[in-house]
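Student: Provided herewith is a single structure, encoded as structure tokens, for subsequent inquiry.
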Amino acid sequence: MTRLWNAPADFADEMIEGFVAANPRSVRRASGGVIRSTVIPDGQVAVVIGGGSGHYPAFGGLVGQGFAHGAAMGNLFASPSAQQVYAIAKAVDRGAGVFLSYGNYAGDVLNFDAAQEKLRAEGIPTRTVTVTDDIFSAPPAEKHKRRGIAGDLTVFRTAAAAAEAGYDLDGVTRVAALANERTRSFGVAFTGCTLPGAPAPLFAVPSGRMAIGLGIHGEPGIDETDIPTADGLAQLLVERLLDEIPAGVPVEGARVVPILNGLGSLKYEEMFVVYRRIAQLLEAAGLVLVDPHVGEYCTSFDMAGTSLTLFWLDEELERLWDTPVDAPAYRRGSVVAAAQSDAHEEAVEAHEITPGDDASQQAARTVSAALRVIVDTIDAHADELGRIDAIAGDGDHGIGMQRGSHAALAAGIAAADAGAGARTSLAAAADAWADKAGGTSGALWGVILNAVAARLGDAGTPDAAAVAAGVAEGLRGVQEYGRAEVGDKTLVDALVPFAATLQAGAREGERLRDAWASAAASATDAAAATADLLPRMGRARTHGEHSVGTPDPGAISLALIATALGELLATRDSTRDLAVQD
């Protein structure tokens with residue numbers, strides 16, 4: 001279990017601070033994560049990796065000479081926000097473009113893609129290769145849906161080596177895609193992992209049993225079996241991986257890099273016993289083993305488990321693999337030490353304050369009151385949201401919603417205190433939520449709140465029709481951004497009936513409080529009904545049967561917030577600081 005923390009919601013930030021303090025020779029803090037502390041050559045493609053915290057040495061530990069130029073580091077098991085990715089990319093761009101790579105998870109895809117669009121809009125060439133090495137998470141015909149696990153190492157290292165060798169952006173992207181296509185991984189676990197402050201692991205494995213096909217975010221295994229001997233586990237791992245050889249690779253005489261990865265608390269000695277037999281089996285199959293790796297390369301906090309990765313080399317990939325590397329958690333060969341860069345404080349982009357008229361400033365106080373209600377609601381239900389998210393997900397929904405809502409409240413109040421109108425206050429809150437929470441939910445709540453903000457304006461008092469229209473536009477934005485539909489078991493299942501009921505009430509001339517109450521009831525019913533659904537999106541997709549009987553945490557949190565805001569609206573006549581026109 002995780003034993004040492006201060007406030008669980010601050011764990012990731014404090015961890016990064018300590019990591020940077022311990023490794024000043026290699027990395028320095030930058031907005032959104034870490035970047036190299038050494039000079040990055042002009043004209044070199046910038047390799048930016050990233051993902052949630054809790055996987056050390058991924059991702060910050062892989063930043064350094066010969067490896068990544070920067071890492072965007074999200075909250076625990078939550079993707080970094082689009083703003084974090086963008087900020088890291090801007091910090092390391094040296095004029096040759098930016099290459100992005102990360103594990104194939106919904107939140108990471110949403111946020112890295114959004115950052116890529118922003119970079120390209122500014123004229124910075126940007127390419128992406130997502131890592132899809134986990135053979136157990138989707139069949140070969142749907143390889144693009146597979147998760148990225150310890151195979152991150154091979155793709156990241158190949159891309160970084162190509163950049164170091166002077167490849168252009170297209171060349172870096174080409175070899176990274178080839179490395180991904182030639183990487184296969186398969187993992188098992190004996191216990192789940194425990195997030196800081198959590199009373200129990202995200203999942204439990206019965207004594208004497210082993211989960212197979214696990215992810216790296218605390219997801220339970222896809223299957224389960226008795227714990228074999230060390231030799232039996234080696235045989236299972238090797239047989240599964242040799243069942244799927246990359247296209248065009250002859251097995252006899254093939255050169256492979258075997259990577260036996262520990263997931264957090266499996267002892268190295270145990271892994272050496274397993275690797276002993278893995279090496280025998282691979283050599284008996286006619287493979288030539290190159291640079292074997294046994295250790296921790298992509299963990300899942302304190303999970304007791306291991307995964308085997310096979311990286312099938314060709315001449316170019318092997319040449320790149322030999323590139324010397326000097327990063328905090330990964331060193332190979334001998335690099336010529338680069339000079340330290342001049343550390344400087346990066347300017348934090350302040351949210352522009354648009355003064356509101358008197359009526360809109362009054363409405364901005366309504367926004368602040370609403371944000372306070374959201375914070376109180378999430379704080380009261382954070383543990384339960386985390387519990388239901390752990391059934392088939394990663395258990396971080398409560399923490400993520402807390403981080404996002406608290407950041408939104410602080411930003412919204414600051415804007416309102418500076419004289420902003422309703423739109424500017426809520427837009428500041430929306431951006432803060434998306435940036436601080438990260439992950440899928442952070443991105444989607446940013447979309448929802450920004451859409452509502454646009455309809456509130458900075459002049460006059462918004463009416464029910466404006467609020468309803470903003471929610472409807474938020475729904476459209478969420479569906480365009482996340483591509484979820486009703487029935488996928490996501491936040492959309494609650495947001496669709498909420499938006500529809502609210503718009504219907506506004507069209508019929510209902511007072512906002514009445515239309516909102518009906519809409520909140522619709523959202524609550526729909527959120528509860530997600531318990532009967534199989535997930536078709538996100539991390540829970542590969543563990544669908546585990547979540548039947550448990551509602552979707554995103555839908556539940558939306559319904560809780562909608563209900564609490566409805567109660568606020570119902571009391572507005574006796575609350576002087578609330579202003580919404582009926």
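The values are calculated or read from the model by the stated rules, or taken from the named source; none is laboratory data. As the structure is a computational prediction, the values presented were derived from the model and not from experiment. Note that each Cβ is placed from the backbone with ideal geometry, even for glycine, and that neighbours are counted across all protein chains shown.
Student: How many of the residues making up the stretch 95-122 are surrounded by 20 or more Cβ atoms within 10 Å (Cβ to Cβ) and either assigned to a loop (DSSP other than H, G, I, E, B) or under 12 Å from the mean Cα position of the chain (by Cα) (or both)?
Tutor: Going through the stretch 95-122 one residue at a time, the tally reaches 12.
Student: Here is a follow-up. Out of everything in the stretch 224-242 that is under 30 Å from the mean Cα position of the chain (by Cα) and without any contact (Cβ under 8 Å) to a residue 24 or more places away in the chain, what residue ends up being surrounded by the fewest Cβ atoms within 10 Å (Cβ to Cβ)?
Tutor: 225
Student: Turning to a different aspect of this structure: When the residues of the stretch 62-94 are narrowed to those that are of a type in the set (Gly, Ala, Ser) and at positive phi, which ends up nearest to the chain's Cα centre (by Cα)?
Tutor: The extreme case among them is 64.
Student: Under 8 Å between Cβ atoms, which residue pairs at least 6 apart in sequence (or on different chains) link something in the stretch 1-29 that is loosely packed, with under 14 Cβ neighbours inside 10 Å with a partner that is part of a helix (DSSP H, G or I)?
Tutor: Within 8 Å, the pairs are 6/14.
Student: Could you tell me how many of the residues in the stretch 293-342 are under 18 Å from residue 190 (Cα atoms) and surrounded by fewer than 18 Cβ atoms within 10 Å (Cβ to Cβ)?
Tutor: 1
Student: Could you run through the stretch 291-344 and say how many residues are assigned to a loop (DSSP other than H, G, I, E, B), of a type in the set (Gly, Ala, Ser) and within 30 Å of residue 218 (Cα to Cα)? Spell out how you get there, then give the answer.
Tutor: Filtering the stretch 291-344 down to residues assigned to a loop (DSSP other than H, G, I, E, B) leaves 291-292, 296-302, 313-314, 322-324, 328-329, 333-339, 341-344.
Going one step further and asking which of them are of a type in the set (Gly, Ala, Ser), we end up with 300, 329, 333-334, 337-339, 341, 343.
Cutting the leftovers down to within 30 Å of residue 218 (Cα to Cα) gives us 300, 329.
Final tally of qualifying residues: 2.
Student: Moving on to the next point. In the stretch 150-178, how many residues are part of a helix (DSSP H, G or I) and either on the phi > 0 side of the Ramachandran plot or not assigned by TED's automatic domain parsing to the domain that holds residue 63 (or both)?
Tutor: Qualifying residue count, the stretch 150-178: 0.
Student: May I ask you to say which residue of 372, 403 is in a helix (DSSP H, G or I), touching a Lys or Arg at 6+ places or on another chain (Cβ under 7 Å) and not hydrophobic (A, V, I, L, M, F, W, C)? Give the derivation first.
Tutor: Values: 372 fails: touching a Lys or Arg at 6+ places or on another chain (Cβ under 7 Å).
Sole residue among the options that is in a helix (DSSP H, G or I), touching a Lys or Arg at 6+ places or on another chain (Cβ under 7 Å) and not hydrophobic (A, V, I, L, M, F, W, C): 403.
Student: Among the residues of the stretch 519-536, how many are of a type outside the set (Val, Ile, Thr), modelled with pLDDT of 95 or more and buried (at least 17 other Cβ atoms within 10 Å of the Cβ)?
Tutor: So the answer is 7.
Student: Taking the stretch 30-50, which residues are touching a residue at least 60 places away in the same chain (Cβ under 8 Å) and closer than 26 Å to residue 265 by Cβ?
Tutor: 49, 50
Student: Sticking with this structure for a sec: Inside the stretch 263-290, can you point out the residues that are part of a loop (DSSP other than H, G, I, E, B) and of a type in the set (A, V, I, L, M, F, W, C)?
Tutor: Passing the criteria: 263, 266, 285, 287, 290.
Student: Regarding the stretch 412-426, can at least one residue be identified that is under 23 Å from the mean Cα position of the chain (by Cα) and in the same structural domain as residue 490 (by TED's automatic domain parsing)?
Tutor: Among the residues of the stretch 412-426, not one is under 23 Å from the mean Cα position of the chain (by Cα) and in the same structural domain as residue 490 (by TED's automatic domain parsing), which makes the answer no.
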